[in-house]
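Asker: The structure that follows is given in the form of structure tokens.
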Amino acid sequence: DAVAKLNTAISEIQKAASKGVLHKNTAARKVARLARQFNRTFSK
């Protein structure tokens with residue numbers, strides 16, 4: 001369930017970047033931070 005939500009969030013961020021709502025580097029940073037936090041939380 002958490003993985004599905006993470007994938008949805010990443011997809012929405014990338015969609016916003018592709019439409020020009022977010023700069024691509026900003027989107028990449030947000031995705032990286034989300035993934036890092038996800039891994040920190042669920043790797044234990």
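Derivation of every value follows stated rules applied to the coordinates shown; laboratory data play no part. In this text, all values refer to a predicted model and were calculated from it rather than measured experimentally. Glycine also receives a Cβ, built like all others from the backbone with ideal geometry; neighbour counts cover every protein chain displayed.
Asker: Report, by residue number, each residue of region 18-44 that is part of a helix (DSSP H, G or I), surrounded by 10 or more Cβ atoms within 10 Å (Cβ to Cβ) and over 11 Å from the mean Cα position of the chain (by Cα).
Answerer: Answer for region 18-44, where residues must be part of a helix (DSSP H, G or I), surrounded by 10 or more Cβ atoms within 10 Å (Cβ to Cβ) and over 11 Å from the mean Cα position of the chain (by Cα): Ser18, Lys24, Asn39, Phe42.
Asker: Can you give me the number of residues within region 1-17 that are in a loop (DSSP other than H, G, I, E, B) and touching a Leu at 6+ places or on another chain (Cβ under 7 Å)?
Answerer: 0
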